[in-house]
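The values are calculated or read from the model by the stated rules, or taken from the named source; none is laboratory data. Keep in mind the model is a prediction, meaning the values are calculated, not measured. FYI the Cβ positions are ideal-geometry reconstructions off the backbone, even for glycines, and counts take in every protein chain you see.
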Amino acid sequence: MITINGKSIQLIDAHTHIWDEYKGMRFGNTPVKSLGYGKISFDGKIEKLLPPSFVDNRVSAEILLGYMDDNCVDKAVILQNPCYGDQKEYVSACLKKYPDRFLATMGKVDPREINRVVSVIDMLVHEYSCSGIKIEIPDVPFIIDAPEYDFMWKKIMNENLMVVLDLGFGDGEYDWNIDRLTNLLHRYPDIRMRLPHLGICRLWDLNQKYPYQELQKVLALFKINKNNLYLDFSAMQFFDLNDEYPDERNQDIIKTVYETIGSEKLLWGSDFPTVLKLRTIKQCIEFITKQCSFLSIDDMENILSRNVIRELKKK
């Protein structure tokens, strides 16, 4: 719990990651090799994934819990990604080990494995405690509104599952397919969906100014899916790597979102652990509690805990 102006508020991190062994894959079939000390090798290049204190690039549940405890974070949602590898066994075990701290997980699905998708979803839900699925479109490149995938979306709808859909952080063919997503939501306007990182919206393009033309395309989706669409704003710090806390451009972006859709569809998430390269968890929290002065205490409580409980349909 955190205290804001004398009121105690539950704090839930809606976007975190853990893994037992880093063994990822990117862009469909490009393996990622762990080099240790926060570094990875990918497509012939060495990249910094984590701070160097992550000696073996392992991010255990206990490391996440330590950061949560240090920052008064009550609970977390764990998202699973292709870039971190298949972690379903490990994450499921952690949910069982720490049921009071880990609220839910979303398992990764590759829609291209078209003959296995239904059985994989059933396995994730019934054997590995997943509340829904996570799809990173550029990493499992597929056309989201193509008719051959209708069965997958119907499965998600019929099972009343969540889908967390990452639209991609680049300029590739499968990144930022907002028109295809719009088509999909017109087809399934009640699907339970979250777009992480505010849908990304090419907000890393610093030529985008208020009212952020690409962001407006995501905000327009709430006219289609009024009840079950959510945005988290994790990892906004990566939109402008030269910006520093208190992230004034990001404040303006959040204000734009808030003035359009209110506070009941926004989720706070850190994107632990990669965010640690740029900000502390405390700064991620205080971005909302101290920097976004346009938010009321009620708004903050929505963003910091109520909305993720609504999204997951938890009591």
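For the range 294-315, enumerate the residues that are modelled with pLDDT of 95 or more and not in a helix (DSSP H, G or I).
Matches in the range 294-315: PHE294, LEU295, SER296.
Please count how many residues of the range 192-213 are farther than 21 Å from ILE135 by Cα and crowded, with 17+ Cβ neighbours inside 10 Å.
Going through the range 192-213 one residue at a time, the tally reaches 2.
Could you tell me whether GLU148 is surrounded by fewer than 19 Cβ atoms within 10 Å (Cβ to Cβ), more than 23 Å from ALA235 (Cβ to Cβ) and of a type in the set (Asp, Glu)?
Yes.
Please verify whether GLY28 is touching a helix residue (DSSP H, G or I) at 6+ places or on another chain (Cβ under 9 Å) and either assigned to a helix (DSSP H, G or I) or modelled with pLDDT under 95 (or both), treating the condition exactly as stated.
Criteria met by GLY28.
What are the pairs with Cβ atoms under 8 angstrom where one residue, in the range 228-254, is assigned by TED's automatic domain parsing to the domain that holds LEU167 and among the acidic types (Asp, Glu) and the other, located anywhere, is in a loop (DSSP other than H, G, I, E, B) and surrounded by fewer than 22 Cβ atoms within 10 Å (Cβ to Cβ)? Sequence gap at least six, or different chains.
ASP240/TRP204; ASP240/LEU206; ASP252/TYR210
Within the range 93-127, how many residues are assigned by TED's automatic domain parsing to the domain that holds ASN158, more than 19 Å from the chain's Cα centre (by Cα) and not aliphatic (A, V, I, L, M)?
Result for the range 93-127: 8.
Might you let me know whether the range 154-173 holds any residue that is in the same structural domain as ASP271 (by TED's automatic domain parsing), part of a helix (DSSP H, G or I) and in contact with a helix residue (DSSP H, G or I) (Cβ under 7 Å, 6 or more places away or on another chain)?
Scanning the range 154-173, I find at least one residue that is in the same structural domain as ASP271 (by TED's automatic domain parsing), part of a helix (DSSP H, G or I) and in contact with a helix residue (DSSP H, G or I) (Cβ under 7 Å, 6 or more places away or on another chain), so the answer is yes.
Checking VAL77 against (1) assigned to a loop (DSSP other than H, G, I, E, B); (2) among the β-branched types (Val, Ile, Thr); (3) under 20 Å from PHE238 (Cβ atoms): exactly one of these is not met. Which one?
The failed condition is (1).
Being touching a strand residue (DSSP E or B) at 6+ places or on another chain (Cβ under 7 Å) and either surrounded by fewer than 21 Cβ atoms within 10 Å (Cβ to Cβ) or in a helix (DSSP H, G or I) (or both) is the filter here, so list the residues in the range 112-130 that pass it.
ILE121, LEU124, TYR128, SER129
Suppose we filter THR289, THR274 for residues that are in contact (Cβ under 8 Å) with a residue 60 or more places away in the chain and over 18 Å from the mean Cα position of the chain (by Cα); which single one remains?
Within the list THR289, THR274, the selection yields THR289.
Condition first: within 29 Å of THR289 (Cα to Cα), among the small types (Gly, Ala, Ser) and buried (at least 18 other Cβ atoms within 10 Å of the Cβ). Now tell me which residues in the range 51-102 satisfy that.
ALA61, ALA76
Among the residues of the range 202-246 satisfying the criterion of being of a type in the set (Gly, Ala, Ser) and within 27 Å of THR16 (Cβ to Cβ), which is farthest from the chain's Cα centre (by Cα)? Can you show your working first?
Applying the first criterion (of a type in the set (Gly, Ala, Ser)) to the range 202-246 yields 220, 234-235.
After this cut, where a residue has to be within 27 Å of THR16 (Cβ to Cβ) as well, the list is 234-235.
Working: SER234: 6, ALA235: 9 Å.
Of everything passing the filter in the range 202-246, ALA235 is farthest from the chain's Cα centre (by Cα).
In the range 173-195, how many are in contact (Cβ under 8 Å) with a residue 40 or more places away in the chain and either among the polar types (S, T, N, Q) or over 16 Å from TYR149 (Cα atoms) (or both)?
5
Please count how many residues of the range 264-293 are more than 19 Å from PRO51 (Cα to Cα) and assigned to a helix (DSSP H, G or I).
So the count comes out to 7.
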